[in-house]
Amino acid sequence: MALLDKYAPLAAQYRQLEEAGANPFNVPFDDVLSPTEAIIAGRQTLLLGTNNYLGLTYDPLVIEAANAASTAAGTGTTGSRIANGSYGSHKRLEEALADFYGRKHGMVFSTGYQANLGIISALAGKGDHLLLDADSHASIYDGARLGYAQVTRFRHNSPDDLANRLRRLADEPGDKVIIVEGIYSMLGDTAPLREFAAVKREYGAYLVVDEAHSLGVLGATGRGLAEQAGIEADADFIVGTFSKSLAGVGGFAVTDMEGADILRVVSRPYMFTASLPPANIAATLAALQQLRARPELRADLNANAARLYRGLAQLGFTLGPEPSPVVSAIMPSPEAAFGFWAALLKAGLYTNVSLPPATPKGLALLRSSVSAAHSPAQIDHAINLFADVGKGLGLLPETPALAAA
Ligand code: PMP
């Protein structure tokens with residue numbers, strides 16, 4: 001028995017995808033041309049499967065900031081903040097994030113994944129209780145494991161189920177920390193945050209909101225769902241990522257909580273990994289400035305999201321419950337999702353396949369995501385490709401009821 005034999009069934013499925021030449025989990029980007037186009041497997045391709053929500057990865061000011069920072073401060077920090085020091089730019093980015101969110105403290109992590117690991121594991125330890133939405137991102141589940149708190153899952157987006165579970169825990173000692181996301185990344189649905197905030201207040205719990213997919217997307221100034229829902233005062237911590245709207249890599253947490261700086265010496269995913277390199281910090285800071293200065297990016301993004309959602313719904317696809325930059329079509333099976341995805345790619349459109357356990361309710365999803373940088377013509381082209389491919393594969397009604405309406 002070899003060490004990796006435990007993965008044999010999965011390895012066989014993976015090999016099949018590779019042999020079919022259509023493995024959605026290992027797509028070769030030969031060249032990236034812009035936020036919306038790339039050469040994939042030698043073919044010019046429209047990108048509809050990135051998290052480049054504001055299209056800022058090619059923004060001239062963002063690129064210039066990254067280049068200048070590399071020239072001035074080198075390519076890497078070569079170590080962690082606690083062992084090897086904090087650069088001025090780390091502090092400046094933390095201050096800029098705190099300022100953006102109107103909070104006292106900001107803390108930067110090396111990825112969004114680590115921000116969740118670091119905050120969740122440090123806030124809730126042995127004897128405490130974490131209450132997680134059942135559809136939480138893997139980083140939230142992994143953060144829960146790292147901290148040894150007792151984990152209770154509640155039904156996705158159900159304030160009633162959360163309240164029931166908190167009621168049952170009412171006499172238990174320990175802190176209770178609730179974690180929810182702004183926009184959920186698989187179906188693009190949003191959390192009922194006002195109701196969750198009311199439950200949090202009723203039971204004296206703490207609330208962490210992961211705005212990974214909602215920063216730069218929702219809210220009057222782009223801070224996310226907590227801003228849109230008007231419950232920022234109830235969100236004890238906001239966590240998020242630099243890898244989507246902010247066009248970089250990294251993660252953050254902001255809070256008003258007194259004494260939050262102690263997290264820098266108790267949060268292992270903050271302490272025991274190298275800090276972000278100067279170019280990335282500078283690019284993120286420049287992207288944050290663009291996000292704040294150009295609300296029209298958010299308007300373009302949301303108009304594109306609505307256009308794609310409407311177009312795919314009219315074709316007869318079953319989608320998530322509401323338009324958002326993530327637009328997922330529910331496929332009848334993983335095989336259908338693979339087939340549809342591969343045919344779209346061959347036709348010059350890059351999307352994503354999402355499968356259980358990453359997806360809710362065991363769904364097979366063909367997941368698209370839009371950018372502010374898409375033109376309406378690109379969105380329409382994508383919708384037409386969905387129509388052609390869907391009809392060709394027999395995965396679309398020939399005359400969908402909605403299209404006729
Ligand atoms: N939280 C959520 C809700 C996410 O969807 C993701 C990544 N998609 C992360 C955290 C992790 O962010 P990163 O990829 O920047 O590590």
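Throughout, read-outs are computed from the coordinates displayed, never taken from laboratory work. Here the structure is a predicted model, which means the values were calculated and not measured. Heads up, the Cβs are rebuilt from the backbone with ideal geometry, glycines too, and the neighbour counts pull from every protein chain shown.
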Within the set Asn84, Asn157, Asn352, GNM on the chain using Cα springs under 10 Å gives the largest fluctuation to Asn84
With a 10 Å cut-off between alpha carbons and a GNM built on the chain, which of Gln114, Gln150, Gln16 moves the most? Gln16
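Would you order Tyr87, Tyr53, Tyr350 from fewest to most other beta-carbon atoms within 10 Å of each residue's own beta-carbon?
Tyr87, Tyr350, Tyr53
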Please list, in chain and number order, the residues 5+ apart from Asp189 or on another chain whose amide H is under 5 Å from its amide H, with Hs placed from the backbone. Tyr184
Ranked highest first by the average count of other Cβ atoms within 10 Å around their residues, in what order do 214-221, 370-377 fall? 214-221, 370-377
Place a label point 7 angstrom from the Cα of Asn384 along the Cα-to-Cβ direction, then list the residues of the stretch 42-58 whose backbone nitrogen is under 17 Å away. 44-48
Of the options Leu215, Phe154, Thr77, report the single residue whose Cα projects farthest towards the positive end of the charge dipole of the stretch 59-293 (beta-carbon charges: Lys, Arg +1; Asp, Glu -1). Thr77
If you average the C-alpha positions of the stretch 306-332 and of the stretch 243-297 separately, how far apart do those two centres end up, in angstrom? 31
Karplus couplings for the stretch 361-376 from phi (6.51 cos²θ - 1.76 cosθ + 1.60, θ = phi - 60°), rounded to Hz, Gly and Pro as x? 6, x, 6, 9, 10, 9, 9, 10, 9, 10, 10, 4, 7, 5, 8, x
Cα-Cα separations in the stretch 75-206 greater than 27 Å, expressed as whole percent: 27
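If each residue's Cβ is checked for other Cβ atoms within 10 Å, how do Leu345, Leu162, Leu3 rank with the fewest at the top?
In order of increasing Cβ crowding within 10 Å: Leu3, Leu345, Leu162.
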Using modelled backbone amide H atoms (1.01 Å from N, in-plane), which distant-in-sequence or interchain residues come within less than 5 Å of Gly250's amide H? Gly112, Phe242, Ser243
Run lengths n ≥ 4 of DSSP H only: what is the helix-derived mean residue ellipticity at 222 nm for the chain, with -39500 (n - 2.57) per run over all residues, to the nearest 500? -12500 deg cm²/dmol
Starting from the Cα of Lys104, step 7 Å toward the Cβ, then list every residue of the stretch 218-232 with an amide N under 14 Å from that point. none
Between Arg167, Arg310, Arg292, find the one with the highest GNM mean-square fluctuation for the chain; connect C-alpha pairs within less than 10 Å. Arg167
With r defined as the distance between the Cβ atoms of Ala2 and Lys91 and R0 fixed at 35 Å, what FRET efficiency is calculated, to the nearest 0.05? 0.10
Summarise the long-distance tail of P(r) for the chain by giving the % of C-alpha pairs beyond 38 Å. 22
All lysines inside 19 Å of Lys391 as judged from Cα atoms, apart from same-chain residues fewer than 8 positions distant: Lys346
I need the Debye-formula profile for the stretch 59-293: one equal scatterer per C-alpha, no solvent, reported as log10 I(q)/I(0) at q = 0.11, 0.13, 0.17 1/Å, two decimals. -0.53, -0.73, -1.21
